[in-house]
């Protein structure tokens, strides 16, 4: 009879290394290997909460809504330009749909009426606990309720761009879009024919 993963893990110690913007922990645990031996391991996990991300698309214009913003971690890893991304945000105390509606309007100015949940994904499960809920939604120019730009109090300074889906996919090929969640959503849009040629 096979054991569940819970039966194969024994937490020995948890130490908080940092608790500023998010929580960084070092955990020591015993892991029961398939050969029946226990192995002690140490892992650091960064817990910044879960989040949501969305791709807005317009079937008629064949466009998508993306944002451009400065990301310090990308900058220190030799990415010289602000990142081009799909609108996203942390759930905090909200459910995913409430979060993505709020973040979309705050970042892009577009009011989302019917976001459609498509899948969940861990973005960097080797060290980050975050799980993202992915959404898509149709938009049209009349849905724009404001300028967007993000929350200046949180250090955000966001530009909104509206390339065609084909232009956005070409930007991936040229290395101009290097954000994983955005690449996943753009490829989903192409594979599922959200914007037809």
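The values are calculated or read from the model by the stated rules, or taken from the named source; none is laboratory data. Treat the numbers as computed from the prediction; the structure is a model and nothing was measured. Cβ: placed from backbone, ideal geometry, glycine included. Neighbour counts: every protein chain shown.
Here are the numbers for the structure shown:
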item	result
Failed condition for residue 187, given (1) free of Cβ contacts under 8 Å to residues at least 40 places away in the same chain; (2) surrounded by fewer than 14 Cβ atoms within 10 Å (Cβ to Cβ); (3) under 17 Å from residue 84 (Cβ atoms); (4) more than 15 Å from the chain's Cα centre (by Cα)	(4)
Any hit, the range 143-160, residues being under 20 Å from residue 196 (Cα atoms) and surrounded by fewer than 18 Cβ atoms within 10 Å (Cβ to Cβ)	no
Matching entry among 147, 170, 153 (being at pLDDT below 95 and either assigned to a helix (DSSP H, G or I) or under 14 Å from residue 84 (Cα atoms) (or both))	153
Inter-residue pairs, beta-carbon under 8 Å, first on the phi > 0 side of the Ramachandran plot and loosely packed, with under 15 Cβ neighbours inside 10 Å and in the range 173-184, second modelled with pLDDT of 95 or more and in a helix (DSSP H, G or I), 6+ apart	none
Single condition residue 124 does not satisfy, out of (1) within 19 Å of the chain's Cα centre (by Cα); (2) surrounded by 17 or more Cβ atoms within 10 Å (Cβ to Cβ)	(2)
